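**Q** Okay, here's the structure, questions in a sec.
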Amino acid sequence: WNFHKTAIIPALQSGGWKDLCMTSAGLEGDPDLQFLLLGGELIKIRSRSWKKNRFFKLQEDCKTLWYESHKIFKRKQTFSIDDIDYMRKGRQSEGLNKHTPSSVEGQCFTIIFKGRKKNLDLMAANEDEANKWVNGLEKIMSNMLNLSQQQKSDWIINCMRKADKNDDNKMTLKELKHFLRQVNIEVDDTYAADIFKQCDKSNSGSLEGSEIKHFYDLLTYREEIDVIYGQCAHTDGQMSAEDLLNFLLNEQREQVSMVDALKLIEKYEVDETAKQKKCMSKDGFLMYMHQEEGSILNPAHKQVYQDMHQPLNHYYISSSHNTYLMADQLKGPSSTEAYIKALMKSCRCVELDCWDGANGEPVIYHGYTLTSKVLFRDVIKVIKDYAFKTSDYPVILSLENHCTVDQQKLMAHYLISILGDALVSKPLGNNMPTNFPSPEDLKQKFLIKGKRLNKLDAALNNNSFIEEDTKSKIKLAKELSNIVIYCKSVHFSGFEHAKEMQAFYEMSSFKESKAFHLAETSATAYINHNMDKLSRIYPSGSRTDSSNYNPVPMWNAGCQIVALNFQTPSKEMHINQGRFLPNGASGYILKPEFQRSLSSQFDPSVLTKGPWLKKKTFNVMVISAQQLPKLNKDKENSIVDPLVRMELYGVPADNASKETHYINNNGFNPMWNETFVFDVHFPELAMLRFVVEDYDTTSQNDLIGQYCLPLTSVQSGYRHIPLLTKRANSNILNHFHLVCGGKQSEKEGIKAIFR
């Protein structure tokens, strides 16, 4: 991104901030962007009666949307494009579907925000204008994601512009100090004066022209990159292809060849002369370090890389509890939007609490509470539309059925008519199965989890049966019972009973306390149970605030469907999202072999010798961070005091937490250079979480960002770590990252960068 240095001076001299922004985004002259910059009237829709005209306009920074408000104290409001999760064209939101006629389908669109911020339902004057709004915003969002390194320079330049109070294209010492605060670095007056003196070659008392470029060079200097590059560049001060190959083999521990090294030079080198010489300059090296090849997450794991032909119960399955809820368990709203959010995060098991509704229509809500209700048929429509947007692998619909037989029949009708051929309504093949089909066999398919009145072989023989099981007194419509194939819900009566009496497709749900007790007292039996059956775990009823339990002990016990409250940002959800980050974020992770083999006697609480015990030493050096955000943006002098904590979650013997010292008043380029060592007995079960916090002496530290991934997906070597927000939104902190160096080995050892 350093090519932006050449654009700083002309941009400052011409005042062409808008042009610079558009150039960096690659959208100059784009008709959709020009349309957004001019702005226009849109109808904001909240209900059938509340539909208001509002003027919307993209600000000239190309990153902020302004809109007119009629609130007394907020006549004008703005929000960052960074706050948008995605756009949805048409009447696809719950609000637009309810409050607008089908005739305006093409005029409608919805802005979906990250976190809990309410959707913005809008209607344009015609379909063409709606398309321009959607296309324009999506182009900006795409560029903000893909050009993040270039935007770092734009961000600094924009801060320079804001610091130039009198708009004379010069910077005084006072303006310089204001600029430093804007880029989140606090310096004392002596140090600020020293920087200013270094740059003020003309002794004019202000910086201008090349002096500003010099200041920019000093500010963006990366000492740690200089050290790493200097250790490896042995060819006339540059890194030849051979030097790069040696770096990849010896430091990054990658299995690569000269062809791979040359491809990286071709891909990331920014200097054409260096590229022709088949060399990588320092700028090209920095570009490489910031891309996916330099990420801590193994790029090969960003795709589906695991064997997807194993039986379904051999996988951890990303699962949601009370999926319909947007907030707490007692009085919060229920919404189809909650299903969309979960499915877009590759959740593969969603829950539907079904109750009798008005006018004979079944509804979904948390029974006997004040949570709002949503129609069952609307939920099934949304699930049909969004189930396979991010993953092709099967989705399980976990039905909690409290409906009368008549409304159950209607539920079955909606499931069959809406899901169509994607619904698994009979066993695959012509013979009675003895094991689960695989995720690959069930691609783009829906499975129903619920009660069934007879054995699965009846589904093959088309046997008829009554709607009440005289033994268990369950009132169940045969139409609904018939479509429960591989996930029949049964009561758990002990491991021995399950082993002797339960068919493979009969599964039990365990509340949190019961599951943890079994995992602690009967771990091996629980693991063996999960080798040929499915288990679902759900949060305690006392978690009315929609908090979550730690999913790791449940995965250690081989449980597949570990259901969490997806709507609640928390450490537990960070771990869950980290667990399902690799394997193409498909929502399915293959369990370790020792949790699948019937001969295994693995117990996570006992460090007995066996093929599952693979003790390793994990070494990590936390080096630096860049551009950590201010947490209190309203206070100009608010600067973070960052520290980094590494948390390891796995079997009890592997759980650990270690942290760096905190750095006073530096969120711009803090450096730690601290090395840590972790002993890991079962790396296949270990989760690694990085946490960056703002240190506070008088209260709890504030979270700046976090990132979690399985230890087996960590790349050795010098790596950057993208930081996510508390809500784990991948785009909000895409400008900010940590740099770490480390490796895993049978013995301890790490090459320190600084002493």
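**Q** Report the local net charge at D283: Lys and Arg +1, Asp and Glu -1, summed over other residues whose C-beta lies under 9 Å from its C-beta. Show your work: numbers first, answer last.
**A** Working: positive: K282; negative: E269, D271.
Cβ neighbours under 9 Å give a net charge of -1.
**Q** Something else: Can you tell me the length gained on complete extension of the stretch K263 to E129, counting 0.36 nm per residue apart and subtracting the Cα distance? Display every interim value, and only then the final one.
**A** Numbers: separation 134, 0.36 × 134 = 48.24 nm, distance 4.24 nm.
Working it through step by step, the gained length comes to 44.0 nm.
**Q** For a quick check: with amide H placed at 1.01 Å from N, whose amide H comes under 5 Å from D85's, ignoring anything fewer than 5 positions away on the same chain?
**A** Hits under the 5 Å cutoff: I112, F113, K114.
**Q** Here's another thing I want to ask about it. Please state the shape class of region 585-688: rounded when a/c is under 1.5, otherwise prolate if a/b exceeds b/c and oblate if not, all from the C-alpha gyration tensor. Can you show the working numbers first?
**A** Working: a/c = 3.73, a/b = 2.42, b/c = 1.54.
Prolate.
**Q** Can you work out the Karplus-derived ³J(HN,Hα) for every residue in region 610-619? Use 6.51 cos²θ - 1.76 cosθ + 1.60 with θ = phi - 60°, whole Hz, and x for glycine or proline.
**A** Those phi angles translate into x, x, 7, 7, 10, 4, 9, 10, 9, 10 Hz.
**Q** Per-residue counts of other Cβ atoms within 10 Å, averaged by peptide: what ranking do you get for 509-516, 279-286, highest first? If you can, show how the numbers build up before the last one.
**A** Numbers: 509-516: 17.9, 279-286: 23.4.
Per-residue Cβ counts within 10 Å, averaged per peptide and sorted highest first, yield 279-286, 509-516.
**Q** Mind checking Rg over Rh on region 216-320, alpha carbons, Kirkwood formula for Rh? Before the final figure, lay out each step's value.
**A** Working: Rg = 17.9 Å, Rh = 15.7 Å.
A ratio of 1.14.
**Q** By its C-alpha gyration tensor, with a ≥ b ≥ c as the square roots of the eigenvalues, how is region 506-630 shaped: rounded for a/c under 1.5, else prolate for a/b larger than b/c, else oblate?
**A** Note, shape of region 506-630 comes out oblate.
**Q** Let me ask something else. HN-Hα J couplings of region 530-536 from phi, Karplus 6.51/-1.76/1.60, θ = phi - 60°, integer Hz, Gly and Pro as x?
**A** Per residue, the Karplus-derived 3J(HN,Hα) values read 7, 7, 10, 9, 9, 10, 10 Hz.
**Q** What is the percent carbon and sulfur in the accessible area of region 237-287, measuring with a 1.4 Å probe over the protein chains and ignoring ligands?
**A** Numbers: 1250 of 2680 Å².
Using a 1.4 Å probe with all protein chains present, region 237-287 comes out at 47 percent carbon and sulfur.
**Q** Assuming 0.36 nm per residue, please report the length gained on full extension of the stretch S103 to S597 beyond their Cα-Cα distance. If you can, show how the numbers build up before the last one.
**A** Details: separation 494, 0.36 × 494 = 177.84 nm, distance 5.72 nm.
Full extension of this stretch gives 172.1 nm more.
**Q** I would also like to ask the following. Take the Cβ-Cβ distance between S372 and N632 as r, set R0 to 30 Å, and report the resulting FRET efficiency rounded to the nearest 0.05.
**A** The value I calculate is 0.30.
**Q** A follow-up question, please. For the peptides 551-564, 50-63, 638-651, what is the packing order when you average, over each peptide's residues, the other Cβ atoms within 10 Å and list the highest mean first? Could you put the intermediate results ahead of the total?
**A** Working: 551-564: 25.9, 50-63: 15.3, 638-651: 21.6.
Descending packing order for the listed peptides: 551-564, 638-651, 50-63.
**Q** Then there's this: Determine which residues of region 321-362 fall in the zone a paramagnetic label at H413 would reach in this model, i.e. backbone nitrogen under 16 Å from the point 7 Å along Cα→Cβ.
**A** Backbone N within reach: 356-362.
**Q** Before I look further, what does region 270-424 give for accessible area per residue, probe 1.4 Å, in whole square angstrom? If you can, show how the numbers build up before the last one.
**A** Details: 5790 Å² over 155 residues.
Per residue, region 270-424 has an accessible area of 37 Å².
**Q** Moving on. Go through region 133-142 residue by residue and turn each phi into a ³J(HN,Hα) via Karplus (6.51, -1.76, 1.60, θ = phi - 60°); whole Hz please, and just put x for glycine and proline.
**A** 4, 5, 4, x, 5, 5, 5, 5, 4, 5
**Q** Now a separate question. What FRET efficiency do you get for S657 and L218 if R0 is 41 Å and r is their Cβ-Cβ distance, rounded to the nearest 0.05? Display every interim value, and only then the final one.
**A** Working: r = 36 Å, r/R0 = 0.89.
E between S657 and L218, to the nearest 0.05, is 0.65.
**Q** Collect residues whose amide H, placed 1.01 Å from N in the peptide plane, falls under 5 Å from the amide H of G357; neighbours closer than 5 in sequence don't count.
**A** Amide H to amide H, under 5 Å and 5 or more residues apart or across chains, G357 pairs with V363.
**Q** Let me ask you something else. For T64, what residues show an amide H to amide H distance below 5 Å, using hydrogens built from the backbone and excluding near sequence neighbours?
**A** Q59, I81
**Q** For region 499-543, rounded, prolate or oblate, judged on the Cα gyration tensor with a ≥ b ≥ c (square roots of eigenvalues), a/c < 1.5 rounded, else prolate if a/b > b/c? Mind dumping the intermediate values first?
**A** On the way: a/c = 2.85, a/b = 1.49, b/c = 1.91.
Here region 499-543 falls in the oblate category.
**Q** Right, something else. Given a Förster radius of 60 Å and the C-beta distance between V606 and D61 as r, what FRET efficiency does 1/(1 + (r/R0)^6) yield to the nearest 0.05?
**A** Values: r = 58 Å, r/R0 = 0.97.
Efficiency, rounded to the nearest 0.05: 0.55.
**Q** Now, a different point. Taking 7 Å along the Cα-to-C-beta vector as the label spot, tell me the E138-S204 distance in nanometres, rounded to one decimal.
**A** Placing both labels 7 Å beyond Cα along the Cβ direction yields 4.8 nm.
**Q** Now for a separate question. Tell me, in nm to one decimal, what length is gained between Q255 and M432 on full extension, where the rule is 0.36 nm per residue of separation less the Cα-Cα distance? Write down the numbers at each step before the final one.
**A** Numbers: separation 177, 0.36 × 177 = 63.72 nm, distance 4.55 nm.
That works out to 59.2 nm of additional length.
The values are calculated or read from the model by the stated rules, or taken from the named source; none is laboratory data. Just so you know, these numbers come straight off a predicted model, no measurement behind them. Cβ atoms come from the backbone with ideal geometry, glycine included; neighbour counts cover every protein chain shown. For accessibility, only protein heavy atoms count, side chains too; no ligands or nucleic acids. Shrake-Rupley method; radii C 1.70, N 1.55, O 1.52, S 1.80 Å.
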